[in-house]
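Contents: one structure, followed by commentary.
Read the figures in this text as sums done on the coordinates, not as results from a lab. Here the structure is a predicted model, which means the values were calculated and not measured. Here the Cβ is made from the backbone with ideal geometry for all residues, glycine too, and neighbour counts use every protein chain on show.
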Amino acid sequence: MEGSASDPRRLDEDKAWALLLWLAARARAGDAVVGETAFRVGEDGSVAKAASGDGTVTIRPEQEALLEMHVELAPAVREMLELYLPLVVGRRSTELVVGHLGQSLDGQIATASGASAYVTGPANIRHLHRLRALFDAVLVGANTVDRDDPRLTTRLVPGASPTRVVLDPTRRLDHDRRVFQDGAAKTLVFHCKGVTEARSIGDAELCAVPGRGDGFDLAALVAALHARGLRRLFVEGGGITVSRFLAGGVLDRLHVTVGSVFLGVGRPGVVLPGIDQIRSALRPRTRRFIMGEDVLFDCAFDRRHA
Ligand SMILES: NC(=O)c1ccc[n+]([C@@H]2O[C@H](COP(=O)([O-])OP(=O)(O)OC[C@H]3O[C@@H](n4cnc5c(N)ncnc54)[C@H](OP(=O)(O)O)[C@@H]3O)[C@@H](O)[C@H]2O)c1
């Protein structure tokens, strides 16, 4: 089959991304696609359910073989669908918590001084923007906002920017950080109860949640986000934040992208309490994807609570 930009039987990257955004919007609305369904994607990116046949993609959310294609699909586009579909279809997709870390071969996400551009390459940066676009909220720890002053928007891909959520338990971050001032997307700052009576910092809203141990009560934090209609959560880093979500049993999936670099002692990625026996290790179901020069491990967990 000859493919061209206007060939309705061809699903190119733009159309595949339009389909993923459409499916994410369904999941966000609590109406995720849960049964086998065929779709046709128009040249303008419009998505419609269709009878399975020429020019359609069939998605099977609850099955290992997620896809059946009656379209021409480049291998890279197929990989893209296989990577992102589990995040936007199926019963769990209406309330999903997914983390990501880009790390070196020696397990560091940044140098000791906090420099992290670029542990992983441009394809992985684009992946981060795609994840932001597929989720309701992007969560980061206080150190990331302090060190990187990130914008946390979707400027590299089509799709709306998510609500930005900053975890700042003691309310220590300066008001001049971009997420508090740039108005590029809504920003919520979570702190521990009793730390401040203030209601806002710059444009951002302050929200109190109970503490637990040396951090937030993560179940209470997730519940507070759900109460605001934010049910699909992307935890973008850094290592401390992702590690706490993982240790708390709150992550459904973690993407670990490994760049071909050794950073030496720096800021570590995942750090969990130690174990004595290999049989006690956390062994997620894992898929591997080549992402530019990097390798992405997509790890799926059985969430324990929250
Ligand atoms: N390569 C990557 O994927 C990636 C991604 C993001 C950031 N980074 C880099 O990583 C570095 C920052 O990472 P990091 O691991 O040092 O710190 P981080 O995860 O950005 O922030 C950690 C801080 O956030 C607060 N926090 C997070 N989770 C919490 C919880 N469950 N309960 C209470 N407080 C919580 C705490 O603030 P308090 O300290 O106030 O208690 C904690 O110390 C930066 O250098 C950044 O450039 C890399």
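For the chain, the longest principal axis of the Cα atoms and the long axis of helix 218-227 meet at an angle of about 60 degrees. Principal-axis analysis of the Cα atoms of the chain puts helix 13-28 at an angle of about 60° to the longest axis.
Please list the non-local residues whose amide H lies under 5 Å from the amide H of Ser161, H modeled 1.01 Å from N, same-chain partners needing a gap of 5 or more. Under 5 Å from the amide H of Ser161: Thr154.
Each other residue within a Cβ distance under 9 Å of Gly121 adds +1 if Lys or Arg and -1 if Asp or Glu, for a net charge of -2.
Helix 122-134 and the longest principal axis of the Cα set of the chain meet at an angle near 90°.
State to the nearest 20 debye the size of the charge dipole of the stretch 1-85 about its Cα centre, where the only charges are +1 on K and R beta carbons and -1 on D and E beta carbons. Walk me through the numbers before you get to the answer.
Details: 9 positive and 16 negative charges, 62 e Å.
Once rounded to the nearest 20, the dipole reads 300 debye.
Can you show me the helix-derived [θ] at 222 nm for the chain, built from DSSP H runs with n ≥ 4 at -39,500 (n - 2.57) apiece and divided by the number of residues, rounded to the nearest 500. Working shown, then result.
On the way: 7 runs with 73 residues, N = 306.
After summing the helix terms and dividing by the residues of the chain, the value is -7000 deg cm²/dmol.
Report ³J(HN,Hα) in whole Hz for each residue of the stretch 40-46, in order, from the Karplus equation J = 6.51 cos²θ - 1.76 cosθ + 1.60 where θ = phi - 60°; Gly and Pro get x. Computed from phi, the couplings for the stretch 40-46 are 10, 10, x, 4, 8, x, 6 Hz. When the stretch 218-306 is described by a simple charge dipole with +1 on each Lys and Arg Cβ and -1 on each Asp and Glu Cβ, the residue from Ala224, Phe234, His255 located farthest towards its positive end is Ala224.
To the nearest 20 debye, what charge dipole does the chain have about its Cα centre, counting +1 at the Cβ of each Lys and Arg and -1 at the Cβ of each Asp and Glu?
Numbers: 39 positive and 38 negative charges, 171 e Å.
For this selection, approximately 820 debye.
Label separation (Arg228 vs Ser260): 4.1 nm, computed from points 7 Å beyond Cα along the C-beta direction. Sorting the segments 166-178, 237-249 by their mean number of nearby beta carbons within 10 angstrom, highest to lowest, gives 237-249, 166-178. The value given for the chain is a Kirkwood hydrodynamic radius of 20.3 Å, derived from the mean inverse Cα-Cα separation.
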